[in-house]
Structure formats: C-alpha cells, structure tokens
Amino acid sequence: MRGKFITIEGPDGAGKTTQVRKITNYLDSIGYKVLVTREPGGTSLGERLRDMVLTLKGESPVPEAEALIYAASRAQLVKKVINPALERGNIVLCDRFVDSSLAYQGWARGLGIQELTNINGWFLKDTWPDLTVILDVDPAQSLKRLRGKKDRLEKETLAFHQRVREGFLKVHSMYPNRTTIVDASQCPEQVFETILFEIKKSGIINI
Ligand code: TYD
C-alpha cells in the first residue's frame with residue numbers, strides 16, 4: 001500500500017525542525033517506517049540549489065527565478081526520494097514543501113497562489129501532501145527565536161514575514177481539507193500534542 005505524506009510548514013522560527021524531530025521519534029517508537037526530508041534540499045542537487053537560493057552572495061534571483069529554483073529542488077526530491085519512499089509504504093515527513101512556495105513566492109512575493117499551484121502541479125501530479133501542518137505564529141515573536149547567521153529570506157523585513165504568515169492562512173482557506181493550522185506560540189510539548197491529534201484525526205496512523 002502507498003504510504004502517507006505529511007508536510008510541516010510555517011514561517012521562519014516557528015519551530016518546525018523541533019516538531020519534525022518529535023513526530024519522527026514518536027512514529028518510530030510505535031513501529032512506523034518514517035522517511036524524513038527537507039526543502040529546499042534533500043537531494044545533492046537540491047542542496048546545491050538551496051545554497052544558491054539562500055546565499056547572500058552575488059546577484060539575488062528575481063521572484064520568478066526564486067520560485068523556479070525552489071520548484072526545481074522539489075521536482076528532484078519528489079522523483080528521487082519522496083515517491084520511492086511512498087511506494088515502499090513509508091510515512092514521508094517533509095520540513096517545508098509546496099505550501100512554502102504558495103505562501104512565500106505566491107503571496108509574500110506577489111506572484112499569485114494559483115500560479116504557483118499551477119507551476120508545481122505540473123510535476124507534483126499525485127504527490128500533494130495527505131496532511132499539511134501549518135505552524136502559525138506572529139513573526140514578531142518567531143523571528144526572535146532565530147539564532148546564528150540569517151539567510152537571504154530570513155533577512156527580509158518584518159512586513160515580508162507578516163505577508164508570509166498571511167499567505168499560509170490564505171493557503172489554509174483555499175485547501176481546508178488537506179491543511180490544518182496549529183498555534184505555534186504554545187510550548188513545544190503542547191504544539192506536539194496538537195500535531196499528534198491532527199495526525200490521528202486524519203487517519204494517517206491508527207492508534
Ligand atoms: P528553511 O529550511 O526553513 O531554513 P532554515 O533551515 O534556515 O530554518 O527554509 C529556507 C527558506 O526558504 C525559508 O526562509 C523559507 C524559504 N522557502 C521559500 O521561500 N519557498 C519555498 O518553496 C521553500 C521550500 C522555502
């Protein structure tokens with residue numbers, strides 16, 4: 001049987017990576033085979049594209065080029081990693097996926113959520129997530145959590161990050177069946193409990 005595909009989304013600093021780790025440990029502990037990956041990246045070509053799109057060095061891509069670089073990384077990941085794992089029956093957990101493109105490039109950069117859906121739909125075909133968890137938090141709060149050197153997107157203005165948040169909420173209103181919003185201003189344990197509740201509710205795991 002084909003496996004299930006879960007993606008974790010949200011603005012920078014929302015705590016996605018911590019939650020991906022908690023979900024993976026939990027699913028492992030109850031005997032599910034989980035493949036964890038991330039975007040942009042997850043393949044050797046994808047990691048090169050990631051460096052290219054996040055670096056502060058050199059010329060910045062125009063929004064259209066930015067959208068296509070993320071899409072190229074995604075196409076490679078879907079064909080090389082995600083689809084084979086789903087065919088093996090694994091649960092695939094991805095730290096960011098297509099909804100980041102819809103929120104960041106489609107809404108915050110103003111290219112259009114529908115346009116980004118079309119571009120990505122061209123190669124995603126059936127590989128849309130079964131469940132997308134959107135961690136929702138005020139960027140004024142989440143950006144404070146970022147440590148170390150900031151990448152090109154993290155260095156954007158607060159207004160940009162506010163549009164990203166708005167974009168994710170719009171994505172949820174356009175795709176209410178496959179996406180769910182989780183309040184990420186709570187402590188990590190509470191956020192995890194809520195995510196687990198949503199995963200169970202979606203029928204991805206039976207426990
Ligand atoms: P992320 O992996 O969350 O960065 P980090 O590892 O530093 O937490 O994502 C990198 C950035 O790329 C993030 O600011 C969101 C952005 N992004 C897009 O703009 N569009 C996309 O399609 C994806 C996947 C990410």
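Answer with one residue from 8, 85, 146: the one whose Cα lies farthest towards the positive end of the charge dipole of the chain, charges on Cβ with Lys, Arg +1 and Asp, Glu -1.
Result: 85.
Lysines near residue 4 by alpha-carbon distance under 27 Å, same-chain residues fewer than 8 away left out - which ones?
Straight-distance partners of residue 4: 16, 22, 33, 79, 80, 125, 170, 200, 201.
Can you tell me, using C-alpha contacts under 8 Å and at least 6 residues apart, the relative contact order of the chain as a whole percent?
Answer for the chain is 32 percent.
Out of every Cα-Cα pair in segment 140-184, what percent are more than 15 Å apart?
That tail contains 54 percent of the Cα-Cα pairs.
Pull out the extension gain between residue 150 and residue 206, defined as 0.36 nm times the separation in residues minus the alpha carbon to alpha carbon distance; nm, one decimal.
Here the answer is 16.2 nm.
Once you compute Rg and the Kirkwood Rh from C-alpha atoms, what is the Rg to Rh ratio for segment 4-202?
Ratio of gyration radius to Kirkwood radius: 0.93.
Any chance you could list the semi-axes, whole Å, largest first, of the equivalent ellipsoid that the Cα gyration tensor gives for segment 3-88, using √(5λ)?
The three semi-axes for segment 3-88 are 27, 16, 10 Å.
Roughly how many debye, to the nearest 20, is the charge dipole of the chain about its Cα centre, given +1 on each Lys and Arg Cβ, -1 on each Asp and Glu Cβ, and no other charges?
In total the dipole reaches around 440 debye.
Principal axis lengths of segment 25-67 from Cα atoms, whole Å, largest first?
Dimensions of segment 25-67 along the principal axes of its Cα atoms: 47, 18, 16 Å.
Which aspartates and glutamates have a Cα lying under 16 Å from the Cα of residue 150, excluding residues fewer than 8 positions away in the same chain?
Qualifying aspartates and glutamates at Cα under 16 Å: 12, 51.
Defining a contact as two alpha carbons under 8 Å apart and six or more residues distant in sequence, what relative contact order in percent does segment 74-184 show?
Normalised by residue count, the contact order of segment 74-184 is 35 percent.
What is the diffusion coefficient of segment 60-111 in µm²/s, taking the Kirkwood radius over Cα pairs and the Stokes-Einstein relation at 4 °C with a viscosity of 1.567 mPa s?
Translational diffusion coefficient: 108 µm²/s.
Every read-out reported here was derived from the displayed coordinates using simple, explicitly stated rules and does not represent laboratory data. It should be emphasised that the depicted structure is a prediction, and the values quoted were computed from it without experimental measurement. All Cβ positions, glycine included, derive from the backbone under ideal geometry; neighbour counts span all protein chains shown.
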